[in-house]
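None of the figures in this text is laboratory data; all of them are computed from the coordinates on show. A quick note: this is a predicted structure, and the numbers were derived from the prediction, not measured. Cβ placement follows ideal geometry from the backbone for every residue including glycine, while neighbour counts extend to all protein chains displayed.
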Amino acid sequence: MSNYILDVTAENFKEAVLHNSHKGPVMVNYWAENAGPCLRLWPVLEKLANDYQGRFLLVNIDTNKDKQLARDYGVNSVPTVKLFVNGEVVEQIHGYDSPDSFKKMLQKYLARESDKELAAAVSLYQTGDKQAAIQQLNKLVFLDPENPRILLTLSKLLMREEEYRQAYDLLQKSPLKFESEEAVVLMANAKFLSTAQQAPNLAEIEQQLTSTPGDQKLLFQLCSHQMMQSRFPDAMETLLKMIRLDPAWQDSIASLCLRGLFIMLGKDNPDVIKYRQKLIDQQS
């Protein structure tokens, strides 16, 4: 057992996992000795932990001994690997997978050299030199495209400056839209806000829709107004209609925004449960 690998029980879970995850990523391997895939996965994770030399902590939890600890985090089968950052589960992989899958999961959260320059750019922004900060972040995006924190931070600052279209376009060109829930939420909000800025007033949109009820542009403008008024069920209903009419319109923006809404409101929200099922029924 190396210094980068710990066996953890319910007694020390809080300190070993939750507390340590505020210092760096903690990868939790839920396993059982009677499960073959767990035994195959163990050397993969052990090598990864030793190769990374402490850049993340590998924690093993024997689900036969700590059944409640597994249930608390929704572990129904083993192996299950969950990545904790800042006290929260940010990624997970179910079952045996390749070393590359775990490396890809880790890379998004491991500290990089460019993080120092990212912090300096944020400091510039906070002290009022906003233009210099955004210029610096634009440079960093090209210098280290594999650091997702740079692009996400730049997008957030552009949103604060009400440059919604620019924030959306940045993320639209990035693989983060497929990999990061945070990016999906940012994209959805940026698209809603940029559309609402340019859209006619709500009464005019509703009037135009009476004669052209299937106009996708008008429907998305309507949805953007509904979002600005926090009418989330109405917005989900409008997005479902758009998906039904033309799911590919504007690079499937309705599907992306509906997913963003689901993430924002949370999987246990009654409206999310309702409209997720309506989406499934509509697609079946």
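Table for the structure above
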read-out	value
All-pairs Cα distance distribution in the chain, expressed in whole percent, bin size 10 Å	6, 23, 26, 24, 16, 4, 1, 0
Percent of alpha-carbon pairs separated by more than 20 Å within segment 5-107	29
Where labels lie 7 Å past Cα in the beta-carbon direction, separation of Tyr73 and Glu33 in nm	2.1
Long-range amide H partners of Val59 with built H, under 5 Å	Leu6, Met27, Val28, Asn29
Relative counts (whole %) of C-alpha pair distances in segment 49-168, using bins that are 10 Å wide	11, 33, 26, 19, 10, 1
Distance between modelled label sites at Arg244 and Ala132, nm, 7 Å Cα→Cβ extension	5.5
Along each principal axis, Cα extent of segment 114-188, largest first, Å	32, 25, 16
On Cα atoms only, tilt of 36-51 relative to the major axis of the chain in degrees	90
Gyration tensor over alpha-carbon atoms, segment 199-283, equivalent ellipsoid semi-axes in Å	21, 15, 11
Residues of type lysines that Lys156 reaches as a straight line, Cα spacing below 19 Å, ignoring anything fewer than 8 places off in the same chain	Lys108, Lys116, Lys130, Lys139, Lys173, Lys177, Lys191
Folded to 0 to 90 degrees: helix 181-198 orientation relative to the chain principal axis, Cα	10
Cross-link partners of Lys67 among lysines (Cα-Cα below 25 Å; sequence separation of 8 or more within a chain)	Lys14, Lys82, Lys267
Computed lengthening from Ile263 to Val122, 0.36 nm per intervening residue step minus Cα-Cα distance	48.2 nm
Relative contact order (percent, whole number), segment 5-107, Cα cutoff 8 Å, 6+ residue spacing	38
